[in-house]
Amino acid sequence: MAPLLAVRSHLGWLRRLHQLLLWLVLLTGLITLLVFRRADPGLLATLSGRNLTTMLQTLLVLVLLLIPISGVYSVISQFAFWNGWLGGLTPPAELFGDDPDESSSPCFLIYLDGIHQSERDHPPRVAAFLEALEQRLPVDVKLIKGLETYTLTPSRLADDTGSQWFWRRLFSLQEHHPNTLVSVVCSFLVQANNVIKVGISSDRRYGPILNYELALKVAKKLAEQGFCPPSDDTRGPVELVLLGYSGGGEMAMGMADYLRRLCRCPVRIITCCGVFSGNQLLEQVGAITMVVGSRDPVAAFGRIAYPGRSPLLPLSNWNRAVARGQVQRLNITGLNHNGSNGPFADRYREAVIQAIVSQLSSHEPVSTT
Amino acid sequence: MIPEVLGRLAVWLMQADVGLGLAVLVGLSMSLSHLFSLVANRLTPRQIAVQLVLDGLVLALALLLGILFNILMIKALTGAVVHPSELLDKLGAALIPGLFYCFVAAPYISDLIATVIWFLIHLNVVTLLHARLDLPYEQALVMATPGFVVALLLVMVLFHQGWQASYRRLASELLPESPV
């Protein structure tokens, strides 16, 4: 009983510390706002909300402050996990059991969802797509789905320590509020949170840490599914394939090299309408296949948003991977990023599945257009 | 239109001048932005302390070199000799955007925030040189740019170390490299 109480007390202390960090970030934002206002008394008047222009200015200032504050808070959550305050940061040596599971598949296809993901369960369209994909997969390939790509712990966003009160209210509003606008705003906030995670993954300072933490999470999920790192005497070839849709493409690129080291087996990447930076370590990763739509403005925006993918920087990690012939591009004419012409829609589902299965069936990337 | 806006900016900057304390606050804000990546990469308290002392020294050096270059440029282009403390008094308010440098800790948009802040600092220096020394904007721009570039390069070198350390730190956390 006593050890249990001690653990509870310890967890309570950690939770309070985490909340304190959140308040510190908010306080920093407030102080800078006050400094800004104090610097010029005239600005005080502009923040009073007397007319529409002033309100818009106020809103702009708030958004400009809120975006970096949200980003910094996300990073703080990541620190908390990295420092072991939230538990779940397993030492790599303890990830897998000693006895290999002989019935385990030689190839695992790990699906990483896009930024719309808020729960472990995928939206109905994505779930239907994954079901169809699973039926078409070669017998030796096992699909891993239901991974929360944008949280570090195996918990839902609504169980996130420190911000669960916020997310639970948000999901409640999203599902039950009669006003559509409120639901849309709540959905937007969930996506904004996930966009920040994509941003952290591509950030050169924090990216390696988030990507390592995600790789650890995927490795633990694989261990649950019977995966064991191959050894010389017991197993045949084992391969991992990361399938990332939209922002999941960035997460796949980010974690691939760490996952390869943790699982000690080759890792390949397939992105579907992927938005990614290409900043990561890709040299030791296997083939990278991009399934792209000819009418996908979001994936096209990724090339502009991430300078590392511009041909103007030939020495970037991404451009060096392209120069090595590591990257294969599969174009699907007419495919959009989402909606009725997206990869999960009935119209393009077969073409996308065909592209993915053709890559899985071959050891070398297959070029089709 | 543009000179009018810059004129108003100059008046605002002169009113908002809080002296040398501002440089210290800006330095702290810059260090805070750096502190996040150091903590994230699990550096020990001693390593972080050393890094923050290094931050303070290099930031002070960047400020001094920036002022020195400005003094030299003013001397070369106008013949006037300005004392460093006098120039810092006149141009100190230009650092106000640097108070927000702690937001450079935010992921992904950090480069954009840093670029905007550095641009605003440079614009402020040019505006204040115009307002305080009565120089044309073009000449003020030519005077301010070399010192700005030197200071910017020093800060870039200083903050560049953080992410390289993160890769080294991570590599030590992971299992030894295995042939795959």
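Coordinate-derived values only; no laboratory data. Because the structure is predicted, anything quoted here is derived from the model rather than measured. So basically every Cβ, Gly included, is an ideal-geometry build from the backbone, and we count neighbours across all protein chains shown.
Miscellaneous remarks
- Folded to 0 to 90 degrees: helix B:45-78 orientation relative to chain B principal axis, Cα: 20
- Residues with amide H under 5 Å from that of A:L243, placed H, sequence gap 5 or more: A:I110, A:Y111, A:L112, A:I270
- Tilt relative to chain B, helix B:21-40 - C-alpha long axis, 0 to 90 degrees, to 10: 20
- Helix B:2-16 and the longest principal axis of the C-alpha atoms of chain B enclose an angle of approximately 70°.
- Once backbone amide H atoms are built at 1.01 Å from N, A:D203 has B:Y108 as its partners under 5 Å, excluding neighbours fewer than 5 places away on the same chain.
- For the segment A:194-206, counting C-beta atoms of other chains within 10 Å of every residue's C-beta and taking the mean gives 5.
- 3J(HN,Hα) along region A:331-340: 8, 10, 5, x, 6, 9, 7, 7, x, 6 Hz, from the Karplus curve 6.51 cos²θ - 1.76 cosθ + 1.60 with θ = phi - 60°, whole Hz, x for Gly and Pro.
- Cross-link partners of B:K75 among lysines (Cα-Cα below 17 Å; sequence separation of 8 or more within a chain): B:K90
- Each residue, A:N341 and A:A323, gets one label point 7 Å from its Cα in the Cβ direction; the gap between the two is 3.6 nm.
- Sequence-ordered 3J(HN,Hα) estimates for region A:285-293 from the Karplus curve with 6.51, -1.76 and 1.60 and θ = phi - 60° stand at 7, x, 4, 10, 10, 10, 8, 10, x Hz, glycine and proline given as x.
- Counting only other chain Cβ atoms within 10 Å of each residue's Cβ, the peptide B:97-106 averages 5.
- Where labels lie 7 Å past Cα in the beta-carbon direction, separation of B:V11 and B:D134 in nm: 1.9
- Amide hydrogen neighbours beyond the local backbone of A:M290, cut-off 5 Å, H modeled: A:T271, A:Q328, A:R329, A:L330
- The listed peptides A:201-210, B:93-102, A:318-327, ordered by packing as a protection proxy, come out as A:201-210, B:93-102, A:318-327 (highest mean of other Cβ atoms within 10 Å first).
- Cross-link partners of A:K145 among lysines (Cα-Cα below 24 Å; sequence separation of 8 or more within a chain): A:K197, A:K217, A:K220, A:K221
- 3J(HN,Hα) along region A:263-276, derived from phi through the Karplus expression 6.51 cos²θ - 1.76 cosθ + 1.60 where θ = phi - 60°, amounts to 8, 6, 8, x, 10, 10, 10, 10, 9, 10, 6, x, 10, 8 Hz, with x in place of Gly and Pro.
- Here A:E283 and B:T78 are evaluated by their C-beta separation; at R0 = 56 Å the FRET efficiency comes out at 0.55.
- Förster radius 56 Å - calculated FRET efficiency between B:M1 and B:L64, Cβ distance, rounded to 0.05: 0.95
- Computed about the Cα centre, the dipole magnitude for region B:2-164 is approximately 340 debye when only Lys and Arg (+1) and Asp and Glu (-1) carry charge, each at its Cβ.
- Estimated FRET transfer efficiency when R0 is 41 angstrom, pair B:T115-A:K221 (beta carbons, to 0.05): 0.55
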